[in-house]
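Some notes on the structure that comes next.
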Amino acid sequence: MRIVKVNLKENSYDVVIEKGIFKKAEEELNLNRKVLIVSDSQVPAEYAKEFSKKCKQPVIAVFECGEDHKTISTMEYLFALMLKNNFNRKDCVVAIGGGVTGDLAGFTAASYMRGIDFYNIPTTVLSCVDSSVGGKTAVNFGNVKNIIGAFWQPKKVLIDVDLLKSLPERQISNGLSEALKMSLTFDKELFNLFKNGDPEKMLEEIIYRSIQLKANVVEEDEKEAGLRKVLNFGHTIGHGIELSSKGELYHGECVALGMICMSSEKVKEELIPVLKKLKLPVKYTFNEDEVCSAIGHDKKSNENGISTIVVNEAGSFEMKDMSIQDIKNLLPQIQGE
């Protein structure tokens, strides 16, 4: 068992990483109450069913998978279930699924009766290394990703790498893209592991180290006022491409493309072979105007432009305000031929 403590004073919590921990989740979580178990249609149904047997009063809620369903309408469905089953402030919400499930379930927990307990059990590599830590919860609205949400820290996170075994290779690569992002900005040694090792065979180690890195950042900047912005490396362009691709590309694939644009020539020479090794895209055909329109709604915009992260040397970063035109000028290097 490995435990990463996220130290946020009264909002502190543990991320527990252990093979097989899902089967003994009742030893780690307080399930002796009403529990809304939130999952999506892509997560194996037996996960929620098995987990429900550990709960005193379980209510299972399954929604259609995908960003298109991370909406206020889906939250209304969850609220209705909670009201129907008389959930109160002492009850809890548990997410079993990927980042969409965690975001949606977490925001539901943050909103219901002004906030009830939330536990997260991520089932994708992406949600393990990224959204499992930090308390960012949100839904999409008006074709803008994560525009309505709240910071709501979980009470505990359980990561069981056995739950990742059924994932297709593309989903594993999708998640490793976010871990690669962490290495490029904060940990050159971890980046060298990507360069020289076999990431898929070192999945648990990469997840653990990525969570440690993210926990350190969140502890210093819980509400994204400064250092936490670094976690958005590759995301400004990545989110734009993600919206433009209309579901054709996964989140991590879009971030991979965004990282290329925001890296120096020296870093690109090292990064692109790693992306190819992970079977992540290095080119994609997209509508530049659509991407720039999405970038215009970026939450990191300010009076000086859009706050971006640039990597000139692996393991370090630079914060830089850029105009939309500056960013648009970077797009041709990843534009498909």
For the range 126-138, enumerate the residues that are within 13 Å of LEU158 (Cα to Cα) and among the β-branched types (Val, Ile, Thr). VAL129, VAL133
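Confirm whether ILE148 is closer than 20 Å to VAL282 by Cβ, β-branched (Val, Ile, Thr) and either out of contact with any Ser or Thr (no Cβ under 6 Å at 6 or more places or on another chain) or crowded, with 18+ Cβ neighbours inside 10 Å (or both). First the steps, then the outcome.
Working: closer than 20 Å to VAL282 by Cβ: no; β-branched (Val, Ile, Thr): yes; either out of contact with any Ser or Thr (no Cβ under 6 Å at 6 or more places or on another chain) or crowded, with 18+ Cβ neighbours inside 10 Å (or both): yes.
The answer is no for ILE148.
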Could you say whether any residue in the range 133-142 is closer than 22 Å to LEU249 by Cβ, open to solvent by 30 Å² or more (accessible area, probe 1.4 Å) and of a type in the set (A, V, I, L, M, F, W, C)? yes
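Which ranges mark the helices (runs of 4 or more DSSP H) fully within the range 239-337 that have 1 or more residues being open to solvent by 60 Å² or more (accessible area, probe 1.4 Å) and at pLDDT 95 or above?
Working: elements: 251-261, 265-277, 288-295, 324-328.
Filter on the range 239-337 gives 265-277.
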Unique match (being under 25 Å from ASN192 (Cβ atoms), of a type in the set (Gly, Ala, Ser) and either modelled with pLDDT of 95 or more or assigned to a helix (DSSP H, G or I) (or both)) among SER111, SER177: SER177
Picked from the range 1-58 (must be part of a helix (DSSP H, G or I) and basic (Lys, Arg)), the residue most open to solvent (accessible area, probe 1.4 Å) is LYS9
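Condition (residue is under 19 Å from VAL311 (Cβ atoms), open to solvent by 40 Å² or more (accessible area, probe 1.4 Å) and either of a type in the set (A, V, I, L, M, F, W, C) or in contact with a helix residue (DSSP H, G or I) (Cβ under 7 Å, 6 or more places away or on another chain) (or both)) applied to the range 172-182: is it met by at least one residue? Working first, answer last.
Keep residues of the range 172-182 that are under 19 Å from VAL311 (Cβ atoms), which gives 176-182.
Next, from what is left, pick out any that are open to solvent by 40 Å² or more (accessible area, probe 1.4 Å): none.
Checking the range 172-182: not a single residue is under 19 Å from VAL311 (Cβ atoms), open to solvent by 40 Å² or more (accessible area, probe 1.4 Å) and either of a type in the set (A, V, I, L, M, F, W, C) or in contact with a helix residue (DSSP H, G or I) (Cβ under 7 Å, 6 or more places away or on another chain) (or both).
The values are calculated or read from the model by the stated rules, or taken from the named source; none is laboratory data. Not measured: the values here are computed from a predicted model. All Cβ positions, glycine included, derive from the backbone under ideal geometry; neighbour counts span all protein chains shown. All accessible areas refer to the heavy atoms of the entire protein, side chains included, with ligands and DNA or RNA removed. Shrake-Rupley method; radii C 1.70, N 1.55, O 1.52, S 1.80 Å.
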